[in-house]
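A short worksheet on the structure shown next.
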Amino acid sequence: MIQTLYFENDDVIILDQSRLPDEVVYLRCQSPEEVAEAIKRLQVRGAPLIGVTAVFGLVMAVRKYTGPEHELPAYMEQVAALMCSTRPTAVNLFWAIRHIKSLFYDHWSEGREKTVAWLRDEAERMFAADVTINKAIGEKGQQLLKPATRIMTICNAGALATCGYGTALGVIRAASEQKKIKQVYACETRPVLQGARLTVWELMQDNIPVTLITDNMAGYVMSRGMVDAVIAGADRIAANGDTANKIGTYGLAVLARYHHIPFYIAAPLSTFDNEIHSGQEIPIEERHPEEVLQLGGKLITVPEVNVFNPAFDVTPGSLITAIITEKGIIRPAQN
């Protein structure tokens with residue numbers, strides 16, 4: 001499995017996902033500002049991985065801090081706020097930052113060196129735990145699938161979006177290990193093409209049969225009886241089961257319901273935000289117009305046109321057959 005994130009001495013090394021699949025390039029981040037910028041620019045992406053990456057950035061910030069010792073907590077808060085400002089929709093980011101901040105305040109009175117040791121050990125533990133959680137999601141999820149299953153998915157909820165193995169793709173990987181996967185239909189995922197660039201690349205690396213389709217082909221493919229299940233990841237799940245995921249997920253859920261196809265969400269429990277009652281309260285990130293105006297760096301429309309570019313949409317819990325977590329299967333109350 002390709003490594004997405006690691007420490008090298010005092011720096012944070014990130015797989016630059018904006019360069020895939022053409023090049024496998026690692027980005028060396030030497031400051032928390034560079035980590036935050038990598039998250040904003042989608043050089044690192046995926047709700048679980050964003051959270052752990054932000055934690056790595058916070059650990060680096062404390063390690064490289066050179067100011068007065070008594071001002072270290074204020075600096076920690078400053079860097080934490082910077083990380084929180086990068087992507088507003090994925091709740092894993094905020095959960096991970098709260099967790100590492102709590103550990104910092106438990107230990108910072110012991111001195112910076114000991115605090116850094118505690119934080120770095122916890123960051124690496126969180127990285128390893130995410131892989132374990134993903135594999136548990138995969139094992140629980142594959143039990144829902146029959147032999148020769150044909151799956152549709154959108155965006156990339158695989159090893160590249162996590163610390164390894166993946167959530168939605170973790171289910172696909174686990175099912176493939178059980179010889180259950182006949183075909184995966186990967187929606188290209190406009191406007192940034194995470195499905196075309198990343199999901200296809202991952203599945204082909206693992207020799208899992210995959211067919212790329214444009215997003216607007218999904219309904220036709222379902223209507224032809226070519227899909228047995230839809231599986232997507234999640235960036236935030238409200239208390240009622242409403243789920244935010246990459247733009248286009250809601251449309252797949254509506255199409256799946258019309259065609260009587262089960263629609264599954266695969267996500268760790270850390271993706272649940274019980275402080276938010278419904279999807280209407282989930283903040284939806286809107287990104288730069290150039291993502292829609294351009295394709296591969298080339299302008300594809302009239303440059304002056306107005307652009308609406310929400311990065312996520314919300315699927316009502318009533319359209320979700322089940323949510324697959326590391327602890328088991330949750331079926332929203334509406335179902």
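The values are calculated or read from the model by the stated rules, or taken from the named source; none is laboratory data. Keep in mind that what you see is a predicted model, and the values were worked out from it rather than measured. Cβ placement follows ideal geometry from the backbone for every residue including glycine, while neighbour counts extend to all protein chains displayed.
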When restricted to Val200, Val184, Val171, the only residue more than 30 Å from Arg125 (Cα to Cα) and among the hydrophobic types (A, V, I, L, M, F, W, C) is Val184
Requiring at least 3 residues that are within 18 Å of the chain's Cα centre (by Cα), the strands (runs of 3 or more DSSP E) wholly within segment 230-335 are 236-238, 243-246, 263-266, 312-315, 322-325
Notebook entry, point to check: If you check Ser278 against the conditions, is it touching a strand residue (DSSP E or B) at 6+ places or on another chain (Cβ under 7 Å), modelled with pLDDT of 95 or more, surrounded by fewer than 22 Cβ atoms within 10 Å (Cβ to Cβ) and among the hydroxyl-bearing types (Ser, Thr, Tyr)?
Noted result: yes
Item to complete: Check segment 272-282 and report whether any residue there is of a type in the set (A, V, I, L, M), out of contact with any Lys or Arg (no Cβ under 8 Å at 6 or more places or on another chain) and in the same structural domain as Ile323 (by TED's automatic domain parsing).
Response: no
Filtering segment 292-304 for residues that are in contact with a Leu (Cβ under 9 Å, 6 or more places away or on another chain) and surrounded by 15 or more Cβ atoms within 10 Å (Cβ to Cβ) leaves a count of 1
Among strands (runs of 3 or more DSSP E) entirely inside segment 111-226, those with 1 or more residues being within 30 Å of His288 (Cα to Cα), out of contact with any His (no Cβ under 6 Å at 6 or more places or on another chain) and among the aromatic types (Phe, Trp, Tyr) are 181-187
Scanning segment 69-103 residue by residue, the ones that are surrounded by fewer than 16 Cβ atoms within 10 Å (Cβ to Cβ), among the polar types (S, T, N, Q) and touching a residue at least 12 places away in the same chain (Cβ under 8 Å) total 1
Scanning segment 216-268 for residues that are of a type in the set (Lys, Arg) and more than 25 Å from Trp95 (Cβ to Cβ), the one surrounded by the most Cβ atoms within 10 Å (Cβ to Cβ) turns out to be Arg257
So, first residue within 23 Å of Leu15 (Cα to Cα) and touching a residue at least 24 places away in the same chain (Cβ under 8 Å) in segment 137-159, second residue of a type in the set (Val, Ile, Thr) and in a loop (DSSP other than H, G, I, E, B), Cβ within less than 6 Å, six or more apart or across chains; the pairs are Ile154/Thr189; Cys155/Thr189; Ala157/Thr167
Does segment 114-126 contain at least one residue that is in contact (Cβ under 8 Å) with a residue 60 or more places away in the chain, touching a Ser or Thr at 6+ places or on another chain (Cβ under 8 Å) and either on the phi > 0 side of the Ramachandran plot or aliphatic (A, V, I, L, M) (or both)? no
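Condition check ((1) surrounded by fewer than 23 Cβ atoms within 10 Å (Cβ to Cβ); (2) among the β-branched types (Val, Ile, Thr); (3) in contact with a Leu (Cβ under 6 Å, 6 or more places away or on another chain); (4) more than 22 Å from Ala161 (Cβ to Cβ)) across all residues:
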| site | (1), (2), (3), (4) |
| --- | --- |
| Val52 | no, yes, no, no |
| Gly67 | yes, no, no, yes |
| Tyr105 | yes, no, no, yes |
| Glu110 | yes, no, no, yes |
| Lys140 | yes, no, no, no |
Next on the checklist: Taking the conditions exactly as written (out of contact with any helix residue (DSSP H, G or I) (no Cβ under 7 Å at 6 or more places or on another chain), within 14 Å of Met126 (Cβ to Cβ) and among the aromatic types (Phe, Trp, Tyr)), does Tyr6 satisfy them or not?
Outcome noted: yes
Of the candidates Arg173, Arg150, Arg236, the one satisfying the condition of being modelled with pLDDT of 95 or more, out of contact with any strand residue (DSSP E or B) (no Cβ under 6 Å at 6 or more places or on another chain) and among the charged types (D, E, K, R) is Arg173
When Gly164 is run through (1) out of contact with any strand residue (DSSP E or B) (no Cβ under 7 Å at 6 or more places or on another chain); (2) at pLDDT 95 or above, the failure sits at (2)
Note to self: Thr153 - would you say it is buried (at least 24 other Cβ atoms within 10 Å of the Cβ), under 21 Å from Met226 (Cα atoms) and not aliphatic (A, V, I, L, M)?
What the structure shows: yes
